[in-house]
Every structure is written in structure tokens, then in C-alpha cells.
1. Return Ile429, Ile355 ranked ascending by Cβ neighbour count within 10 Å, so the fewest neighbours appear first.
2. Report the label-to-label distance for Thr678 and Arg551 in nanometres (one decimal), using points 7 Å from each Cα along the Cα→Cβ vector.
3. What's the local net charge at Met291, with K and R +1, D and E -1, over the other residues with C-beta under 14 Å away?
4. Enumerate the calculated ³J(HN,Hα) couplings along region 91-105 in order (Karplus 6.51 cos²θ - 1.76 cosθ + 1.60, θ = phi - 60°), each rounded to whole Hz, writing x wherever the residue is Gly or Pro.
5. Of all DSSP beta bridges in the chain, what percent run antiparallel (nearest 5)?
6. Using Cα-Cα distances under 8 Å and only pairs 6 or more residues apart, what relative contact order does the chain have, in percent?
7. Test of the criteria: in region 603-653, which trypsin sites (Lys or Arg not before Pro) are in a DSSP loop and have at most 13 other Cβ atoms within 10 angstrom of their Cβ?
8. Provide the per-residue ³J(HN,Hα) series for region 589-594, in order, calculated from phi with Karplus coefficients 6.51, -1.76, 1.60 and θ = phi - 60°, each as a whole number of Hz, with x at glycine and proline positions.
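Nothing in this text is a laboratory measurement; each read-out follows from the coordinates by a stated rule. In this text, all values refer to a predicted model and were calculated from it rather than measured experimentally. FYI the Cβ positions are ideal-geometry reconstructions off the backbone, even for glycines, and counts take in every protein chain you see.
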Amino acid sequence: MGTLSTAPQPIASDIASQRLLPRESPLPMAPGDLGKNRVSERVPAPVANTMVWRRSVILLSTAALTGAGGYEMYRVLQVGGITVLEAMVLALFLLLLAWVAFSFSSAVAGFFVLLAHRPDEDAVASGTEPPPIASRTAMLLPTYNEDPHRLTARLRAIIESLNATSNGTLFDWFVLSDSTDPDTWVAEEKALLALRQAVGTPRLYYRHRADNTARKAGNISEWVTRFGGVYDFMIVLDADSLMSGETIVRLVHAMENNPTAGLVQTLPMIVNARSLFSRVQQFAGRLYGPMIAAGVAWWHGSEGNYWGHNAVIRVGAFAEAAALPQLRGRKPFGGHILSHDFVEAALMRRAGWGIYMLPTLGGSYEEVPPSLLDFAARDRRWCQGNLQHLAVVPSRGLHWVSRLHFMVGIVAYLTAPLWLFFLLLGMLISLQARFVRPEYFPKGFSLFPTWPAQDPVLAIWVFVATMGLLLLPKLLALALVWTRRSVRRQFGGALRASAGVFAEIVVSALMAPVMMIFQSIAVFEILAGGDAGWQTQRREDGAVERRELYRKYGIPTACGIAMAASAYAVSLPLLLWMSPVVLGLLFAVPIGALTARPVLGKLFATPEEGAPPPVLRRANELSAVANIGIKSALAELRNDAALLAFHVAQLPPPRVVRPDAIDANLAVGRAKIDASDTFEEAAAHLSSRELLSILNDESVLSSVLQKR
């Protein structure tokens, strides 16, 4: 094998001219500290003077519904005296009913808010000329191993939409890459150069971070400390985000009008759903989401939450208050905070900055995973992040509503194992009554025997009332559609919208038991010390291989078989009673396969499908012609001098490396290059990690590209 006879030459002769990053304007971020009370004298502007009354209505309604339901459940169980198992069932029922009642109360509040709302009276209504703004805003797009062509297609649509408002010169654009796949990294650079040429703006920048410390939160924090000093606001996008230029301008205008606002956001709508699973999520989010958002905005006020993207954030407030600490202990509870958005909002509010929601603004969009398995994989990471918040809840100085946000997020995942335990206890009581001989005359004096009994008629009414709390908000959202002719037409008419709600309830009811098992497994894995890691999310095809279907849905199916057998052993009526849960588990495999497939039809029609907004239509047009695949990083750099110069310009300057800190992947990669006769041979023998290290080193990269 031959070796290089001459030292590699520098690739770019004029690095400075190729650099596409602005001059750095550092903005220091205060160290994150959950134990230090940083309560500020700053008070955010109130949304309404009746906020105490609004929150009292929600909490008292929750307490009243929980108390009434708990009392009726007690009457069901106390017929023959409450046993230990029945007491456990009652306690679980109270916890779960409180969660349902809380969600119900907030949704009903949203119903009345939207019922009284008139779009033409809205200060931020669409259709009017966007207000003038003067602030400088940075649009940040963090990315991690995403398809760069679709990424830049969506970004181009946003840029064009914003430029159409005549405010485009006030915005700078940053693609902040944390990608670890070498081919994706170089493809991002190529796509960015093409996008910069297409939109004709020099204010479009790209930065690749070799060290992925703290994941997305660390990515944003690194940008703030390097470039944040000259910007008033920033808007953080997700890889699947879309926002209209009008919405962006209105969000910035809302921030300008409220100097105590730290964050303002609106409700992102799900778009571009193709599979049955994603279309059901899209329909449900579009129909029920506005009512739920209006409800939480009504009583959250200036103490809202942050949903992680598509929100305008005051850069100074973020730098002052939102630095995240590392949690003590080992993963999964220790280390970097995964669900960082909740914590960032709470810390900004602790410092006196308001967190606001404009639920009726519109113009904000996102996508959803294409299958139940993809959704569960993302949900597993969210579950770990939310359970980490157990360490954040006791932090000093937090507003009580911020603590409530954390508890709601935690309970959202704990309800799955609680529901499962509730069902298992009910099955155990039934099996005990069927197979265990009762002790009619217990020890001690008793005039009457102890009969194991419950009130079956009252139990049915309690079940019906509980289902009513779950389903009534969906019917109220449907009623809102019925009452507005223009919205009714957007959903395909009252009949089609009603059929969609009925079908959504059925499909969701079949998927809910499977999701309950997945979430229960996730909670148990996290409690046992399992870490979710950081995986790339699938966004297009939801197809699942048969082997993966059987492997992933095996546990839910086994649970369904066990429940069905246990219920049938007691009685056929009990099996019929349990059928809503049992059917979803027994048929988990076909349900998972069916819901992952693309579907056509107009059953789950949404307004954005019938009349796509311009930014969505443009993004889809660009995405349709952007599916060109990702090529070999080395081949791309070898064949494109401009791309090569740009890539090298992004690399940090060489550092003196200590002997004990040598990059093993780089050393092995260099040895493989030296031992190869041709470029093709060297490229074929490099592993992904070795190639990633080589792409970060100009000298070694030059040596491999100069081979014949």
C-alpha cells in the first residue's frame, strides 16, 4: 500500500471570505441554579384582573367533580364493607378522576371562551395588515440528523412568507446543526448554500457543533452566548416547523407591546399527515386543540408554559434566567434536562418575565410522527424528561402555576401505570369473588355476615359519568364547529365533521390501551434506570416491518390475552365489560399495521387540507422536488470546490492536543488513509465515527481528498 509523499496543502486559501457567520456578539448566560431564589421585583403584565377568580373556578370545579365522583364510587364499593383491595381501587379512582376532572374543567372554560370569541374583534386577527415592527429577531432552526433538503424547503417557505410582509430585513436566519451523521452534515452545508443563493439573502447562516453538549437546549444556549447580544428576540423552530410571515410579525409585535413578556406563542396546528395514525392526530388536534388552548390560556394568564418551538422569546430574558443546570445523580433522572422548555418557561417566570399564549392567532404549523411506534419512541423521551421534573418542582422561587405545570406533565405519564394498576385491581377483585371462598363470619363479634358485594347499577352510572367527562369536551368542540358556518365548511360540513369525531373516538379508543402499556413500560424502565438517549425522529414513511410489529406489539398483545382469559374465567358479562380495553390489546398488531399505512379519503378533513395556507402550499411544493437523497460526504466535498471551501471555513481553528486527549477515531482514520492507494479505497474503509472526526480536521481531510 502506498503513502502520501507530500504534506497535505490547505484547502481554502481565503477562509474569511467563505465564512457565513456574523460577527460574534456574546451575551453571557447566568449559571443555572434551581436552589437559588432569583425572584425579581419585575411583575409581568396581567392578562385580566379576574385571574384569581378564573383559577379558583378551575380548581374548585376539579375538586367538586372529584369529590362527587369519589363519593359515588364509595357508595358502589361500601355495600358489603370496603376491603383492602376495594380501598386501593377507591384511592386510585380518586387520583385518576381528579386528572380527568382537571382536564375537563379547563376544556369547558375554553369552550365558553371560543363561544364568545368573534374573529373580527380579535386584535391579532388574520386578514388585516400586519402591524409595523422595529425589533431585530433571530430565527433559529436547530437540527439533528434531519433530511436537509426537506429542512431547507420548509425554511425557504418561511423566509419567502416573511419577506412578503416587507419586514424581512429585520430577521436573521441560523441553521444550528448538531448532526452526527457525516453524510447528513455535508448535505446540510450543500443545501444551505443552495438556499442562500435561492433566497438571495446574506443573513442566512449555518453553524455545525462538533460537541453536542446538552442537546437542543445546549445548542440554543451556545448560540445565545456567541451571537445573542445584538438581537431583541429569537424564534426557535423545530425541524418540522412552519410559520407564516404574518404570524411571525404579529408575535414580534405582541412582544414589543409588552416589555414584561419573556415569551409569546400560539397554537401549532398539525399538517401533512398521511398515515391513518397521523391523520387521526391531525384531525383531533385541529378540532379539539383550539378549545383546549383557549382554556389553558384563559386561566394560565402570564404564567403559561412553553411548548418548545414556534414561539418568540426575548433574548435578554432567556439569557438572564433560562440557563439550565445539570441535575444531580445519574441518568435517567440526573444529567442534562430533556424537557427543557417547561423549565425555561418556569425560570423566566421566576425572574418576573411573563409567558403568554395567543390561542387564536393561527399561522403556526408542525408535523406528527407517522405511526404509533414512532409516537411511542418520541413519547418515551418526553416521559423521561417530564419525570426529571420531580427534581425541579421543589426549586426555590417558582410561581405556583409553574409548579402545577410540572406536576401536570409528570402525572400525564404516571396515569398510564395507574390506569393499568386500577384495571388489574378490578380484575383481581373479580377473580377473588369468583374463586376464593369468602369468609362470611370473620373473627370477632358480628351480627351479620360479610358479603363481598358491590352495587352494579350504581357502578354503571359511575362509569357513564366518567366517560362523559372524557368525551364531552370532544362534543363541545364539535358544537363549536356547528355554530360557525365558515369553520363548518372548512371541515367538510357538519355531517363529515361529526362522522370524523365518531371515527376518531373509535380509533383512539382502540389505540389507547396499547399506548397505556407503552407508557407504563416507559415509566418502569425509567424508574429502573433506563435512559432514552437521543434518536432521530422519522417524519415521512410510517410503514413498519412485520418482524418489528410482532416484537414491539408483543407485550400489549400478551396483556390482552391475559386480561381476556381472566375476565372470561369470571363471567362472560365481565369480558364484555372489559372489551373496550381488551380488544385494543388483543388486536394491537393489526391495529399498529393498519394505522401506520397511508390513507386517502375525506373522513378526517381539516381546513389546512381543503385550503392550504400559502406558506404550507409553498413548503410542500419545494419539498416535492427536494427529495434527492443524501450522497457520500467525501464524494460531495471532492466534487464541489465551493462546498469544500465552505465546509473548511466552518471548522474551528486547530488546537494543541495533549497526548492523553488524542482522538482515537481520527488516528485510526488517518492510518487507514495512509494505507490506501486510492480515494475510493480510503473512503470505503472509513467508519462513520472516523469520517466524522476527519471532517472536523482540515489537514486529514485534505490528505484523503488529494488521493488519486
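1. Ascending Cβ contact count within 10 Å gives the list Ile429, Ile355.
2. Label-label distance for Thr678 and Arg551, simple model: 3.6 nm.
3. +3
4. Couplings: 5, 5, 4, 4, 4, 5, 5, 4, 5, 5, 5, 5, 5, 4, 4 Hz.
5. 30
6. Computed value for the chain: 22 percent relative contact order.
7. Hits after loop and neighbour filter: Lys631.
8. 5, x, 5, x, 5, 5
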